[in-house]
């Protein structure tokens, strides 16, 4: 095993390079921590809002076609009926998440984990692997594509009763309201690694049956 060379064997130029490298590493580390702190502060100051839900389908069918008069008829479409037999009734939708950044720093997100709840009951979860940069004073809209299997819900008579009553409000009945919740946990990139935001950011949106269909 070779012993380390004595300091006297290093040339003056080599010593300068070593010192410069150490100082650079310290500065980069310090800048990374400072940048991370600024980004987290910017994320905390941002406001989040669900602006709309688009392309909502159930079992591949537009939800607007699932109603006959004021009754919810899940067996009216062959693909949906087949999904019930397979115990796989996919709900797909695109939630548009608006992020406003009132701070003087860029709010940067490299990816985020999400959870989607309806009336406080978790429906779906996943990740959005998309880099998002919101300029100081700027606004951006991020699409969140949701896919969930509704079979456990549509086979629950209590839940189906609530859904039917809610949807009747869109067909001339009394207005019904529900709460759509999106929880996100952003991650930011620091020194080649991802640092998760401490906890979930919760965004609630009241949904009225009068504007659903």
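The values are calculated or read from the model by the stated rules, or taken from the named source; none is laboratory data. As the structure is a prediction and not an experimental result, all values here were calculated from the model. Note that we place each Cβ from the backbone using ideal geometry, even for glycine, and neighbour counts take in every protein chain shown.
Do you know which of the residues in the range 84-120 that are under 16 Å from residue 147 (Cα atoms), in contact with a strand residue (DSSP E or B) (Cβ under 7 Å, 6 or more places away or on another chain) and outside any strand (DSSP E or B) is modelled with the highest pLDDT?
Within the range 84-120, the match that is modelled with the highest pLDDT is 88.
Quickly run through the range 40-54 and pick out the residues that are touching a residue at least 12 places away in the same chain (Cβ under 8 Å) and either surrounded by fewer than 14 Cβ atoms within 10 Å (Cβ to Cβ) or within 16 Å of residue 133 (Cα to Cα) (or both).
40, 41, 42, 43, 45, 46, 47, 48, 51, 52, 54
In the range 182-209, what count of residues is obtained for those that are at positive phi and modelled with pLDDT of 85 or more?
1
When you scan the range 39-72, how many residues do you find that are at pLDDT 85 or above and assigned to a loop (DSSP other than H, G, I, E, B)? So that I can check it myself, show each step before the final result.
The first filter runs over the range 39-72 and keeps only residues at pLDDT 85 or above, leaving 45-52.
Retained after the next criterion (residues that are assigned to a loop (DSSP other than H, G, I, E, B)): 46.
Number of matching residues: 1.
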